1. Work out, step by step, the length gained on full extension between residue 89 and residue 233: first 0.36 nm times the residue separation, then minus their alpha carbon distance; give nm to one decimal.
2. Given points 7 Å out from each Cα along the Cα-Cβ axis, report the residue 135 to residue 345 separation in nanometres with one decimal.
3. If the limit is 18 Å between Cα atoms, which of 194/271; 84/300; 234/281; 126/153; 153/359 go over it?
4. Using Stokes-Einstein with the Kirkwood hydrodynamic radius over Cα pairs, what translational diffusion coefficient do you get for segment 289-342 at 37 °C and a viscosity of 0.692 mPa s, in µm²/s rounded to a whole number?
5. Going by average Cβ density within 10 Å per residue, which order do the peptides 282-289, 205-212 take, highest to lowest?
6. Once the piece of chain linking residue 384 and residue 67 is laid out straight, how much longer is it, given 0.36 nm per residue of separation minus the C-alpha distance between them?
7. Calculate, for residue 122 and residue 215, the FRET efficiency according to 1/(1 + (r/R0)^6) with r their C-beta to C-beta distance and R0 25 Å; round to the nearest 0.05.
8. What number, in nm² with one decimal, is the all-direction average of the projected area of the convex hull of the alpha-carbon atoms of segment 57-113?
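Each value in this text was obtained by applying a stated rule to the coordinates, not by laboratory testing. All figures in this text were calculated on a predicted structure; none of them were measured in a lab. As a convention, Cβ positions derive from the backbone with ideal geometry for all residues, glycine included, and neighbour counts pool all protein chains shown.
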Amino acid sequence: MTVAAVATALLSLVLTACTGTDSFGVKVQKAKVARSTTTTEPPDCAEMLPPEALAGQLLMVMVANPAQAADAVRNGTVGGFGLKGAQSAAISTQVADAVQGAPVQPFVAADEEGGTVQRLAAALGKLPSQTTLGAGTVEAAQEAYRRHHTGVKDLGFNMVFAPVADVGSGSGLGTRTFGTDPAKVSQFVVASVKVAQESGLVPVVKHWPGIGGGTVDPHIKQSPLDPIDQLRTKDLIPFQAAFDAGAPAVMITHNVVPGLTEPGVPASLSKAAITDELRGKEGFTGLVITDSLGMGAVVKQFPQPQAAEQAVAAGADVALLSGPDVVATTHRQLTEAITEQRIPRAQVLESVRRVLELKGVDGPCIGVVTRYSSAAQAVQDCEDAAAEAATDGTDPEDAGDGSDDSSGSTTSTTPDCTTSTTSGTTRTTIDSGINDPGIDDPGIDGTGTDGTSTTVRKSSATTVLRTTTTVRRSTTTTDTTEPDPGNFDVVPPDEPGD
């Protein structure tokens, strides 16, 4: 059956079942999360999506700038992206460009913790570190977050990889935590979560089950935390407080947890950790996101495509990739895992429902299906042209006038029809660390060492999602799995941050 035929069948299934609206203004009917096999209700959005679209919603990718994620977002091979490193003051326009044509609203995220970890300082000014904020009052911290998160939302972001709920400064965290007292950390974490939600952002509490007592940065290599029974008496307390306060999402670390995870398997890839402990014993029902799968704790053992499948199979809702060049391979593997039911369909649908719920899509979604079908057809047309070119020796991108637009570079005559990397890129932009060089801690009063104000500079640009589909073609892509030298959350001095 062709892509067009599949789309037609799906559309005809729900044409008469639509009331309400989705995030694009398409009429929808609210669906129940738990569905019976004997129900006569129309299918919800997750049930309507083909395996390729389901796989895309279960993936996000960390990139150095929005343009690196644009093709994957438009083609639906990822459901969102996060930014590594310090961004420019023009980030709002870059984000708006990157999300145009997305089949469904993508997650657009950044590590906005404060102190040395803030990607948007050039556009928004400086935010004090969590340690600095933790030395003051909860009220002062709330006000600082309110100013900053309002600005983050105005720039076109809808998710922040923050706050850090770890207790202590181990695992290379430094000033990224609120302190060493679980009760105090809990107060500030809950305050941060609530302000982010009030600002229209999805806060992602990290790094469950708590790495503040660890000794090795997971960007570098895998290492054990304290046994789970000990973590429950201290490190897990702020996370439980956040869950009780309604935190919608949590990020899972790559550390091994004695008494919980299988030997050599990080928590992010462990069913015992995610499904049995986090969802079962702790009762968390929100979105589960892995930490960046480009870290040494993972890629020294598992290539990113394999790690992504294992994470989703273990119960994660979103596998966070590192670098645009691994997207196509990972998306293919995850699609196959869904199609072949290596991951149970019911589990996949529940994960996709959690993703879509946070994106404002909670019922039948004819518009989303149509846009995914258009994107898939464009990719198919591209692949057909590439196959024809491989047969007759022509370049499908050749204008036919004999001109050479390669600017002296060696390019392939077969385009990559599913995703692209920045021109000339030949390796993954690895998460090199969390700290942003040149960003000092402005202090509790909101001024930096140079006396500059941290007043938020709002952008007038608005993120607009369009229904047109554009497929860009890449000439150079590679799939590498070298480890992150630092936590997607620390960065060497020769790189801008990450």
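1. 47.5 nm
2. Going by the 7 Å Cα→Cβ label model, 5.8 nm.
3. 194/271; 84/300
4. Details: Rh = 11.0 Å.
Rounded to a whole number, D works out at 298 µm²/s.
5. Numbers: 282-289: 19.6, 205-212: 28.5.
Listed from highest to lowest mean packing, they are 205-212, 282-289.
6. Details: separation 317, 0.36 × 317 = 114.12 nm, distance 2.56 nm.
Using 0.36 nm per residue and subtracting the Cα-Cα distance, I get 111.6 nm.
7. 0.15
8. That works out to 3.7 nm².
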